[in-house]
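The values are calculated or read from the model by the stated rules, or taken from the named source; none is laboratory data. Since the model is a prediction, treat every value here as computed from it, not as a measurement. Note: ideal-geometry Cβ built from the backbone for every residue, glycine included; neighbour counts use all protein chains shown.
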Amino acid sequence: MERDQLADFLRRRREAIHPGEVGLPKGPRRRSNGLRREEVAMFAGISVDYVARLEQGRSSQPSTQLLGALARALRLSDDEREHLFYLAGHQPPRTDGPAQLARTGLVRMMELLTGTSAVVLSDLGEVLAQNPASLLLMGDQTAFTGDRRYLVYRWFTDPAVRASHPPGEHERHARELVADLRAAVGRHSGDPAVAGFVTRLRAANSDFRRMWAEHQVAVKRTDRKLLIHPRVGHLLMDVETLVGVDHRQRLMVLTPADNETRERLELLRVLGIQEFTQPHETSPEGDVADPRLHQEP
């Protein structure tokens, strides 16, 4: 870990971001054009004290999850993010395996969609980033660990996940998830981690085994879904998916398909963010699964 270099890099990247780039007013009381430490802490979901310690070269080694949160908060490019990981003494996330960190460009596009639900997903179906409107619609989907990071795994192993869709839609939605996973697994041919994931899911659920054996392949780019929200009821949503050039990440946008759904979403915004009951999970190593809960030991 190159503490001094890491401190300098984080400080300079923070100072280089104009508040307007992240939706903040400059204001007459700012002494510089850059972000304040407390603003970086807010965007990354970590304590201001820890940001200060990082910038002063006094911190413990940050986890890879925390580095990912900092990379998103500071709008780092792919090259800058890789540099950040090296300075912190970690290997950057693999570029040939499943995506682990949301691409900066997709995050910026997502954040421009104010009032519209949007998420950045890996090609295996892990939610890598969400905007506030999507948090209202589906809760925090970024805090899962292990195989539960992937929606297809939760769909086939957790009945509570299927409760968000009408029973009549379960078979169709399940088949779409399996066909999409087939396409992703083909792109990751030879990756033992991806093959192991499929093996565990086949062992966990007979319906998945049956659908997987049919070898259907399809990347879902547009859809209309009927969702059941615990606070406002049925929501008919149009779903458009922008697939990245390398197919490893995608931006999914959900918009109301009728006036009734639009009115219910407006009501949901008034009610505020639903307090979802799922606990934040921890990895076997004991790392906090959600970087926003990180505090320095």
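Worth a mention:
- Sole exception among (1) in contact with a helix residue (DSSP H, G or I) (Cβ under 7 Å, 6 or more places away or on another chain); (2) of a type in the set (A, V, I, L, M); (3) more than 19 Å from residue 119 (Cβ to Cβ) for residue 163, by number: (1)
- Filter result for residue 282 (among the polar types (S, T, N, Q), out of contact with any His (no Cβ under 6 Å at 6 or more places or on another chain), within 24 Å of residue 147 (Cα to Cα) and at pLDDT below 90): yes
- Scanning region 204-261 for residues that are touching a residue at least 60 places away in the same chain (Cβ under 8 Å) and either of a type in the set (S, T, N, Q) or not assigned by TED's automatic domain parsing to the domain that holds residue 151 (or both) yields 249, 255.
- Among the residues of region 169-184, the one identified as more than 25 Å from residue 234 (Cα to Cα) and touching a helix residue (DSSP H, G or I) at 6+ places or on another chain (Cβ under 6 Å) is 181.
- From the list 133, 179, 143, 174, the one residue that fits, being closer than 20 Å to residue 247 by Cα, buried (at least 16 other Cβ atoms within 10 Å of the Cβ), hydrophobic (A, V, I, L, M, F, W, C) and in the same structural domain as residue 262 (by TED's automatic domain parsing), is 179.
- Selection from region 136-160 of residues that are over 11 Å from the mean Cα position of the chain (by Cα), touching a residue at least 12 places away in the same chain (Cβ under 8 Å) and assigned to a helix (DSSP H, G or I): 136, 137, 138, 146, 147, 148, 151, 152, 153, 155, 156, 157
- Here region 190-244 is the region considered, the condition is being under 24 Å from residue 102 (Cβ atoms) and of a type in the set (S, T, N, Q), and the residue that is surrounded by the fewest Cβ atoms within 10 Å (Cβ to Cβ) is 222.
- Residue in region 167-178 that is closer than 17 Å to residue 123 by Cβ and in contact with an Asp or Glu (Cβ under 7 Å, 6 or more places away or on another chain) present: no
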